[in-house]
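The values are calculated or read from the model by the stated rules, or taken from the named source; none is laboratory data. Only a predicted model underlies this, so the values are computations on that prediction, with no experimental measurement involved. Every residue, glycine as well, gets a Cβ built from its backbone with ideal geometry; the counts of neighbours run over all protein chains shown. Side chains are part of the model used for accessible areas, which takes the heavy atoms of the whole protein and leaves out ligands, DNA and RNA. Shrake-Rupley method; radii C 1.70, N 1.55, O 1.52, S 1.80 Å.
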Amino acid sequence: MIDLHVHLRGTLTPTMACKLAERNSISLDAARWAAKGYGWHDFTSFLQAYDHIASVIATAQDLEEVAYDYLSRSAQLGTTYVEFMLSPPDLMRVGVAFDDQLAALSAARERALELHGIDCRMIATAVRHLGPAAATQAARLAVGRRHDILVGFGLTGDERMFPVGDFKEAFSIARSEGLRATAHAGEHLGPDTIIEAIEVLGLERVGHGIRAVESEVVMRQLASAKIPLEVCLTSNLALNLYPSIGKHPIGRLNAAGCAIVLGTDDPSFFSTDIEMEYSLAAGVGLSAHDITAQANTASFRAILPSRH
Ligand SMILES: [Zn+2]
């Protein structure tokens, strides 16, 4: 199994959150911490819970432990490769330099590879609702400190904020230095925004992109361009995009020839893991074998920059 869409901070388990909170003298809201999936009930409370829980990561050592914890748990399920999304400025704001973030992830990777045989890479992300200037800054930061573990540049956050064209500069900076491109699109907004994001940002994969199902034309374009959709089934159900797995468009996207890979998104907040995602996909006719083969070709590690 391969996990190609996972936000590193979203992997924080309650046990790890508690440990880091104690170590960093951060007080956690006990009711939130103890509740399943951190007790959020709508998108606003999800974001609040997310920021609150993620605030316990305050040092490079914390980051290394969180990444290693996810990798070792994933390896036990049979995962062989993970691409983590992480927004470097988030941790820089609490004093963890980008170099130290890269070193922490590398250390976690090496330990997990040696002890559990699982590999990983990192996608540096910009946060859409923080605006285009911050995204350009994030891209400059990413290309200024190249490292083997860093293979991609992505865009997360609220899809409804700012036109996609505002992020063209950030992506052209990132791509010009060999970073591979992905962005969240077509999760909350309609199918045309997916093609626009691919064309404007030069995407090689699309985060979610499931609303492509609403347009035959868009599905045909995705299928012929062979641009994979990073589908996160439990996340889509948890955020009420679809009422049940039976109503989820994954089967129709697959039937239309769209390439599909899987991710856990924010597994600790959605109470899922990659095994559950593969099993949900198997239930609608997509075999683990097919998805893993697809993910292998779609992973960004394929052409790692060797000159740095
Ligand atoms: Zn996501």
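Could you tell me which residue of segment 229-243 is nearest to G207 (Cα to Cα), considering only residues that are within 13 Å of the ligand (Cβ to nearest atom) and hydroxyl-bearing (S, T, Y)? Quick ask: steps written out before the conclusion?
Looking only at segment 229-243, we keep the residues that are within 13 Å of the ligand (Cβ to nearest atom), and these are 229-236, 238-239, 241.
When the remaining residues are screened for being hydroxyl-bearing (S, T, Y), the result is 234-235.
Numbers: T234: 14, S235: 12 Å.
Here the residue is S235.
Does L189 count as surrounded by 20 or more Cβ atoms within 10 Å (Cβ to Cβ) and in contact (Cβ under 8 Å) with a residue 12 or more places away in the chain? Give the derivation first.
Numbers: surrounded by 20 or more Cβ atoms within 10 Å (Cβ to Cβ): no; in contact (Cβ under 8 Å) with a residue 12 or more places away in the chain: yes.
When the stated conditions are applied, L189 does not pass them.
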| said: It is to be established whether one or more residues within segment 160-178 are crowded, with 17+ Cβ neighbours inside 10 Å, touching a helix residue (DSSP H, G or I) at 6+ places or on another chain (Cβ under 8 Å) and closer than 30 Å to L77 by Cβ. | reply: no
| task | May I ask you to list pairs of residues, at least six apart or on different chains, whose Cβ atoms are under 6 Å apart, with the first in segment 267-296 being over 29 Å from G39 (Cα atoms) and the second being open to solvent by 60 Å² or more (accessible area, probe 1.4 Å)? | result | L286/N254
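In this structure, is V218 assigned to a helix (DSSP H, G or I), open to solvent by less than 10 Å² (accessible area, probe 1.4 Å) and at pLDDT 95 or above? Even if it seems obvious, please write down each step before you answer.
Values: assigned to a helix (DSSP H, G or I): yes; open to solvent by less than 10 Å² (accessible area, probe 1.4 Å): yes; at pLDDT 95 or above: yes.
Yes: the conditions hold for V218.
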| Within segment 85-101, can you find the residues that are more than 16 Å from I2 (Cβ to Cβ) and either open to solvent by less than 30 Å² (accessible area, probe 1.4 Å) or in contact with an Asp or Glu (Cβ under 9 Å, 6 or more places away or on another chain) (or both)? | L86, S87, P88, L91, V96, F98, Q101
| field | Meets criteria (out of contact with any helix residue (DSSP H, G or I) (no Cβ under 9 Å at 6 or more places or on another chain) and either at positive phi or away from the ligand (no atom under 16 Å from the Cβ) (or both)) for E65 | value | no
| said: Name the residue that is nearest to the chain's Cα centre (by Cα), counting only residues in segment 184-203 that are assigned to a loop (DSSP other than H, G, I, E, B) and away from the ligand (no atom under 16 Å from the Cβ). | reply: G202
| said: Can you pull out every residue in segment 229-239 that is open to solvent by 10 Å² or more (accessible area, probe 1.4 Å) and touching a helix residue (DSSP H, G or I) at 6+ places or on another chain (Cβ under 6 Å)? | reply: T234, A238
| task | Select, from Y242, Y278, the only residue that is at pLDDT 95 or above, more than 17 Å from G152 (Cβ to Cβ), crowded, with 22+ Cβ neighbours inside 10 Å and hydroxyl-bearing (S, T, Y). | result | Y278
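Go through segment 154-181 residue by residue and tally those that are of a type in the set (V, I, T) and in a helix (DSSP H, G or I).
2
Each row is one residue, and each column tells you yes or no for (1) at pLDDT below 95; (2) open to solvent by less than 40 Å² (accessible area, probe 1.4 Å); (3) touching a Phe, Trp or Tyr at 6+ places or on another chain (Cβ under 8 Å).
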position: W40; (1), (2), (3): yes, no, yes
position: L71; (1), (2), (3): no, yes, no
position: Q76; (1), (2), (3): no, no, no
position: E83; (1), (2), (3): no, yes, yes
position: R109; (1), (2), (3): no, no, no
| query | Which helices (runs of 4 or more DSSP H) sit wholly inside segment 52-146 and have at least 1 residues that are closer than 23 Å to A17 by Cβ? | reply | 60-77, 88-92, 98-116
| request: Could you check, for segment 132-149, whether at least one of its residues is of a type in the set (S, T, N, Q) and under 20 Å from P228 (Cα atoms)? | output: no
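Out of A49, A17, which single residue is within 16 Å of the ligand (Cβ to nearest atom), over 30 Å from A293 (Cβ atoms) and either buried (at least 19 other Cβ atoms within 10 Å of the Cβ) or acidic (D, E) (or both)?
Step by step, each of A49, A17 is checked, and only A49 is within 16 Å of the ligand (Cβ to nearest atom), over 30 Å from A293 (Cβ atoms) and either buried (at least 19 other Cβ atoms within 10 Å of the Cβ) or acidic (D, E) (or both).
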